[in-house]
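A.B. asks: Below is the structure I would like to discuss, written out as structure tokens.
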Amino acid sequence: MMIDLLTQAVPTQNERSQTELTRRIRQLAKEKNAFILAHNYQAAEVQDVADVVGDSLGLSLEAKKTNADLIIFCGVHFMAETAKILNPDRKVLLPNAAAGCALANSITPESLADWMDRYPEHKVVTYINSSAEVKAMSDICCTSANAVSVVRSLSSDKILFTPDRHLGAWVQKQVPEIEMAIYDGACPTHDVLRGADVKKVKEGLPDAIIIAHPECRDDVLAIADEVCSTTAMLSRVEKYPDAKTFIIATESGMLHQLRKKFSDKEFIIADGCIGCRLHCPYMKVTNLFDVYQSLAKEIYEIKLSERTMDDARKALERMLAVPRDN
Ligand code: CIZ
Ligand code: SF4
């Protein structure tokens, strides 16, 4: 049966409709006892083939609960690594090996060591968008869903926050009593969006509610009605039962879950141009055929040293003990 599936079609792009690929992926996932996770920023058809869609924290927790033999992580490399660290005995696959993350790549173990030398008294809080090696050097991890609570949970008035400078600055505003040194990385997808772009979209939609991700620049966050992680965006919409239109300042893939959940509301991407700037090339590199191949050939397996996994797991588990902010 398995051989049939592999030799039979693996058809060309034209022959293969998304519906047919989706059917085959689901069939193969059942045969192989595989669990498919997709991040909120993935292409709509990849989100739709998954067992669960969510943010990196929620998906890693889902991965912890499953007893599937294979975990297929449709997202970027650091997310699949996180799932592997939390599930060291399972086979975790990333469907497209080119799915990196410019923000995670902006910090290396060497550059973190350099910052740690400059701030020797500071506790290191590292955003989940980072490599396993960088997590392993950190005191604790955080996501956009728990960053403020994580910083507050430490018994330290000096924090080195890495690698996202916009998320760091947003946290600092909420904890002015803590001295924060903030690394200078940023997500290029969010960083190109300016407050002026969002204001222009809002001018045409004066009643719209603006929801922004904390990886955005502070001029965007300053005009947002809500600032939160992607998964929290789904619940923030419920705070505005009378609002019809929402301007969303994050990667465009997020609109798919919002539109599915709230079919009576309108969601507009904050640069006013779907597929233009708020489009992460790393998140969108994965397509349905990659997911199919990943399952069929069991590629690309995440492999990490035991030592790195053990150290990174300590930073992740400290974070998991802290409740979400949003
Ligand atoms: O943590 C994640 O999943 C990211 C990168 C975005 C978000 O805030 O959900
Ligand atoms: Fe990395 Fe930014 Fe893409 Fe997220 S949106 S995966 S932070 S480059």
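A.B. asks: Taking the Cα centre as origin and putting +1 on Lys and Arg beta-carbons and -1 on Asp and Glu beta-carbons, what dipole magnitude results for the chain, to the nearest 20 debye?
C.D. replies: I would put it at about 600 debye.
A.B. asks: As a test question: what accessible area, to the nearest 10 Å², does residue 142 have when a 1.4 Å probe is rolled over all protein chains in place?
C.D. replies: Only protein atoms counted, so the area is about 0 Å².
A.B. asks: Let me ask something else. Please compute the net charge surrounding residue 139, taking Lys and Arg as +1 and Asp and Glu as -1 over other residues with Cβ under 10 Å from its Cβ.
C.D. replies: +3
A.B. asks: So which of 30/65; 65/158; 261/303; 64/158 end up more than 29 Å apart, counting from Cα to Cα?
C.D. replies: Long pairs (Cα-Cα over 29 Å): 65/158; 261/303; 64/158.
A.B. asks: Take 242, 184 and sort them by solvent-accessible surface of the protein heavy atoms, 1.4 Å probe, largest at the top.
C.D. replies: 242, 184
A.B. asks: Would you mind checking which residues have amide H under 5 Å from residue 180's amide H? H placed 1.01 Å from N; only 5 or more apart, or other chain.
C.D. replies: Here the answer is 159, since their amide H atoms fall under 5 Å of that of residue 180.
A.B. asks: Report relative contact order for the chain in percent, whole number only (criteria: Cα-Cα under 8 Å, sequence separation at least 6).
C.D. replies: About 22 percent, as a whole number.
A.B. asks: So, taking all protein chains as they sit and a 1.4 Å probe, how much accessible area belongs to residue 108, in Å² rounded to tens?
C.D. replies: Spelled out: residue 108, probe radius 1.4 Å, area about 50 Å².
A.B. asks: Which of 119, 156, 75 sits farthest toward the positive end of the charge dipole of the chain, with +1 on the Cβ of Lys and Arg and -1 on the Cβ of Asp and Glu?
C.D. replies: The residue sitting farthest along the positive end of the dipole is 75.
A.B. asks: Under a Cβ-Cβ cut-off of 12 Å, what is the net charge of the residues other than residue 225 that fall near it, where Lys and Arg count +1 and Asp and Glu count -1?
C.D. replies: +1
A.B. asks: Placing +1 on the Cβ of each Lys and Arg and -1 on the Cβ of each Asp and Glu in the chain, which of 130, 257, 107 has its Cα farthest towards the positive end of the resulting dipole?
C.D. replies: The residue sitting most towards the positive pole is 257.
A.B. asks: Work out, step by step, the length gained on full extension between residue 242 and residue 45: first 0.36 nm times the residue separation, then minus their alpha carbon distance; give nm to one decimal.
C.D. replies: Between residue 242 and residue 45, full extension yields an extra 67.9 nm.
A.B. asks: Below 12 angstrom from the Cβ of residue 310, what's the summed charge of the other residues (Lys, Arg +1; Asp, Glu -1)?
C.D. replies: Around residue 310, the charge tally is +1.
A.B. asks: Note down the relative contact order for the stretch 103-187 as a percent, whole number, built from C-alpha pairs under 8 angstrom at least six residues apart.
C.D. replies: The normalised contact order for the stretch 103-187 reaches 31 percent.
A.B. asks: Another question, if that's okay. Using a probe radius of 1.4 Å on heavy atoms only, what accessible surface per residue do you get for the stretch 261-307? Whole Å² is fine.
C.D. replies: Spelled out: the 1.4 Å probe surface of the stretch 261-307, per residue, equals 53 Å².
A.B. asks: Which of the three applies to the stretch 98-203, rounded, prolate or oblate, going by the alpha-carbon gyration tensor with a ≥ b ≥ c and a/c under 1.5 meaning rounded?
C.D. replies: It comes out oblate by the Cα gyration axes.
A.B. asks: Let me ask something else about it. On the accessible surface of the chain, probed at 1.4 Å, how many percent belong to carbon and sulfur atoms?
C.D. replies: 50 percent
A.B. asks: Turning to a different aspect of this structure: Would you kindly find the accessible area of residue 244, with a 1.4 Å probe and non-protein molecules such as ligands, DNA and RNA excluded, rounding to the nearest 10 Å²?
C.D. replies: 130 Å²
A.B. asks: Determine the shape class of the chain: with a ≥ b ≥ c the square roots of the Cα gyration tensor eigenvalues, call it rounded for a/c under 1.5, and otherwise prolate if a/b is greater than b/c, oblate otherwise.
C.D. replies: oblate
A.B. asks: Give the separation of the Cα centroids, the stretch 183-240 to the stretch 124-165, in Å.
C.D. replies: 22 Å
A.B. asks: A further question follows. Enter the accessible area per residue of the stretch 161-234 (Å², integer; probe 1.4 Å; all protein chains in place).
C.D. replies: Here the residues of the stretch 161-234 average 39 Å² of exposed surface.
A.B. asks: What percent does the relative contact order of the stretch 190-269 come to when contacts are Cα pairs within less than 8 Å and at least six residues apart?
C.D. replies: Relative contact order, the stretch 190-269: 30 percent.
The values are calculated or read from the model by the stated rules, or taken from the named source; none is laboratory data. From a predicted model like this one, the values you see are computed outputs, not experimental measurements. Cβ: placed from backbone, ideal geometry, glycine included. Neighbour counts: every protein chain shown. The area values use the complete protein model at the heavy-atom level, side chains included, leaving out ligands, DNA and RNA. Shrake-Rupley method; radii C 1.70, N 1.55, O 1.52, S 1.80 Å.
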